[in-house]
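Heads up, the thing below is written out as structure tokens.
Nothing in this text is a laboratory measurement; each read-out follows from the coordinates by a stated rule. Because the structure is a prediction, the values reported are computed rather than measured. Cβ atoms come from the backbone with ideal geometry, glycine included; neighbour counts cover every protein chain shown.
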């Protein structure tokens, strides 16, 4: 109960911090951690033709990229006030599988944020 109250009292700071995290991991413009991991994994995949030991490292980088996408989606949810339990129809992440849901969640977040900005701008 106290933790929830503290979270609510500091909601704006939490949202700002989450937004900064999203921007660092998966920015709308430029390269964030996700893009850099993708690039590094692709380079290692190419190099794995010469040294097969690099293939496992490329796979690990790809897994890190998926983790970064997950964290970015969750941070985006925090920054916009969205949580999986508040998704349209009450769908949860696990319902569609992790990869499909990540993309769906990002699209939903962006649409939701645009809608809120449009509503706020009209007020």
Calculated FRET efficiency for the pair residue 1/residue 67, C-beta based, R₀ 30 Å, to 0.05: 0.45
Added length on full extension, which subtracts the Cα-Cα distance from 0.36 nm per residue, residue 24 to residue 51: 6.6 nm
